[in-house]
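One structure below.
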Amino acid sequence: MEAEPQLYPVAGAVGAQGDEDQLGVPDGPEAPLDELVGAYPNYNEQEEERRYYRRKRLGVLTNVLAASAGGMLTYGVYLGLLQMQLILHYDETYREVKYGNMGLPDIDSKMLMGINVTPIVALLYTPVLIRFFGTKWMMFLAVGIYALFVSTNYWERYYTLVPSAVALGMAIVPLWASMGNYITRMAQKYYEYSHYKEQDEQGPQQRPPRGSHAPYLLVFQAIFYSFFHLSFACAQLPMIYFLNHYLYDLNHTLYKVQNCGTNSQGILTGFNKTVLRTLPRSRSLIVVESVLMAVAFLAMLLVLGLCGAAYRPTEEIDLRSVGWGNIFQLPFKHVRDFRLRHLVPFFIYSGFEVLFACTGLALGYGVCSVGLERLAYVLVAYSLGASAASALGLLGLWLPRPAPLVAGAGLHLLLTVSLFFWAPAPRVLQHIGVLYAVAVLWGVGSALNKTGLSTLLGILYEDKERQDFIFTIYHWWQAIAIFAVYLGSSLPMKAKLTVLLVTLVAAAASYLWMEQKLRRGVVPRQPRIPRPQHKVRGYRYLEEDNSDESDTEGERGGGRGDCAEEEARPAGPEPGPKPAGVCRRPCPYEQALGGDGPEEQ
């Protein structure tokens, strides 16, 4: 009886074709190991490397878009909720019916004080928080605090609104400082992934040429501020689709208003105390706040899920290892740099002009003359003009570096001088086209200002060890300027325009003086960044050998350069005392200190 044929050939058995398969490679136990476990025969290393870095570049673009969209949604929700809340709380009937004698005006004043006063001390803790949590996680934490502020409006009481406003004020400077640092780092990483061949030739420790990432930084900042300025338009959606249906027209709200524009004083003197025709239902308010809460939560998910890390883990460790005392002091030490001192007036003006657009222009010239129901459209015009004009920052690719900043300052100078002589009449709509045009042009100047400043800081300070300090100083001075506007809200419009004009001229002159110094070759004095001091054992990234080495390979001496050298020495007695203990590689702590063996006593 014949044996049944085997279903599968036995490994190593000789087939019908002899000792070779169809490809001409010996089969069986004589087959070379490389043919069995080697690389794919059609593998192209250069093509795979190109595809790898293309995926890296797409990841960087995803990070930039996600951070920009997250910032837009976060700021849009914050502004929209704050605007709707202040309008509702301003109405006397709403306060008496909804909250009785709870004292909403007092709560609102303390809430605004918490938002505007708390950032004054942000310079003390912002760099420490960014280094402790990391840039991405600082962004996520700050966006979460904005979402917390939105959530407290479900139950409007003193013990919910005021503490959340203080927490929000503490998160303002860390959020925008980490955002600016993040966009700058993405531009640097995109340059590294685009020029990876040059990086391989120069070596991993060689820094790229100074200013090499500037073109990518211009593009990324233009993208970021195009999204950011859209937040002002997004903030008006609750007003347009919900609150405008409950507002009186301008003949009622502006009945006692006498002066507008340059002749006005304070904020809407004579404005009617009742602005709501009917009170919105509590259920409708809950629906609107739930939508805003969902958008804030979406912003958190964008930052958490789509934003990658700004630094490698080893770089994060190095940034923290310079010492927390040094991290606390370095923002103050950067005042020695004349470039930052010359840019401080521009930082202050940057805070002045954005708040003037939202309060002085929109309220003193807009609401005062065309009514509260058109406030949203004035701010939408400003937002769309600024968002579209952010692309003008790309002119820096072809024009001299001062061109965008000087152009924005010149446009704001013309508009400020024009506003000195414009006093629109209350309850008159004939000049509404001029109002929209002024709002759009002011947005163009704001876009050139914001894009130019952030790009300039990223170019002047491209060392990754300094960027968080620089953007912290920038946004801290902006917060100081916003606090000053909050204190001077009751000043006459001419006084506000005078302060704005003087600050603008001083900022432009100081910036041009700085550029003149740099052209003359004056070297800025920068504080030295201390070297990282790793005080904990076990940093695997300091090991130069293969970290996947098995224990068996280590015992054999594979990858152990020191032991291999010792084994290669000729046998026989050696002069000098024999070192105690077996041969071993220096531990990571010793490598960090530069030692070659056991610690010296």
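Okay, here's what the table says:
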read-out: Close pairs (7 angstrom Cβ cut-off, 6 or more residues apart or separate chains): basic (Lys, Arg) in segment 507-530, surrounded by 15 or more Cβ atoms within 10 Å (Cβ to Cβ) anywhere; value: 517/338; 525/337
read-out: Neighbours by Cβ (under 6 Å, 6+ apart or cross-chain): first from segment 40-56, on the phi < 0 side of the Ramachandran plot; second open to solvent by less than 100 Å² (accessible area, probe 1.4 Å) and at pLDDT below 85; value: 53/196
read-out: Residue check for residue 511: closer than 26 Å to residue 185 by Cα, touching a His at 6+ places or on another chain (Cβ under 8 Å) and open to solvent by less than 30 Å² (accessible area, probe 1.4 Å); value: yes
read-out: Test for residue 299: is it in a loop (DSSP other than H, G, I, E, B) and either under 30 Å from residue 65 (Cα atoms) or over 36 Å from the mean Cα position of the chain (by Cα) (or both); value: no
read-out: Test: residue in segment 550-559 that is at pLDDT below 90, part of a helix (DSSP H, G or I) and open to solvent by less than 40 Å² (accessible area, probe 1.4 Å); value: yes
read-out: Some residue of segment 208-215 being open to solvent by less than 30 Å² (accessible area, probe 1.4 Å), assigned to a helix (DSSP H, G or I) and modelled with pLDDT of 85 or more; value: yes
read-out: Failed criterion for residue 265 (all others in (1) within 29 Å of residue 69 (Cα to Cα); (2) in contact with a strand residue (DSSP E or B) (Cβ under 8 Å, 6 or more places away or on another chain); (3) not charged (D, E, K, R) hold); value: (1)
read-out: Residue 479 among the small types (Gly, Ala, Ser), touching a Phe, Trp or Tyr at 6+ places or on another chain (Cβ under 7 Å) and either within 16 Å of residue 232 (Cβ to Cβ) or open to solvent by less than 20 Å² (accessible area, probe 1.4 Å) (or both); value: no
read-out: Count of residues meeting criterion [among the aliphatic types (A, V, I, L, M) and open to solvent by 40 Å² or more (accessible area, probe 1.4 Å)] in segment 269-282; value: 1
read-out: Among (1) more than 29 Å from residue 95 (Cα to Cα); (2) open to solvent by less than 10 Å² (accessible area, probe 1.4 Å), the one test that residue 147 misses; value: (1)
read-out: Among the candidates 195, 245, 229, residue that is open to solvent by less than 20 Å² (accessible area, probe 1.4 Å), touching a Ser or Thr at 6+ places or on another chain (Cβ under 9 Å) and not aromatic (Phe, Trp, Tyr); value: 229
read-out: Among the residues listed as 457, 435, the single one being within 30 Å of residue 207 (Cα to Cα), in a helix (DSSP H, G or I) and touching a Phe, Trp or Tyr at 6+ places or on another chain (Cβ under 8 Å); value: 457
read-out: Candidates 395, 384, 411 - the one that is modelled with pLDDT under 90 and surrounded by fewer than 20 Cβ atoms within 10 Å (Cβ to Cβ); value: 395
read-out: Which listed residue is more than 18 Å from residue 179 (Cα to Cα), at pLDDT 95 or above and of a type outside the set (Gly, Ala, Ser), from 505, 485; value: 505
read-out: Condition broken by residue 445, with the remaining ones in (1) in a helix (DSSP H, G or I); (2) touching a strand residue (DSSP E or B) at 6+ places or on another chain (Cβ under 8 Å) satisfied; value: (2)
read-out: Cβ pairs under 6 Å, 6+ apart, first in segment 216-230 and without any contact (Cβ under 8 Å) to a residue 40 or more places away in the chain, second open to solvent by 10 Å² or more (accessible area, probe 1.4 Å) and of a type outside the set (Gly, Ala, Ser); value: 216/190; 216/191
read-out: Residue in segment 108-127 that is crowded, with 20+ Cβ neighbours inside 10 Å, in contact (Cβ under 8 Å) with a residue 24 or more places away in the chain, touching a Lys or Arg at 6+ places or on another chain (Cβ under 9 Å) and part of a helix (DSSP H, G or I) present; value: no
read-out: Checking residue 423 against (1) modelled with pLDDT under 95; (2) part of a helix (DSSP H, G or I), the condition it does not meet; value: (2)
read-out: Selection count, segment 491-515, where residues are assigned to a helix (DSSP H, G or I), of a type in the set (A, V, I, L, M, F, W, C) and closer than 15 Å to residue 481 by Cβ; value: 7
read-out: Failed item, numbered, when residue 21 is tested on (1) closer than 30 Å to residue 375 by Cα; (2) at pLDDT below 85; (3) surrounded by 14 or more Cβ atoms within 10 Å (Cβ to Cβ); value: (1)
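The values are calculated or read from the model by the stated rules, or taken from the named source; none is laboratory data. Values in this document were obtained by computation on a predicted structure and should not be read as measured data. Glycine gets a Cβ as well: all are built from the backbone with ideal geometry, and neighbour counts include every protein chain shown. For accessibility, only protein heavy atoms count, side chains too; no ligands or nucleic acids. Shrake-Rupley method; radii C 1.70, N 1.55, O 1.52, S 1.80 Å.
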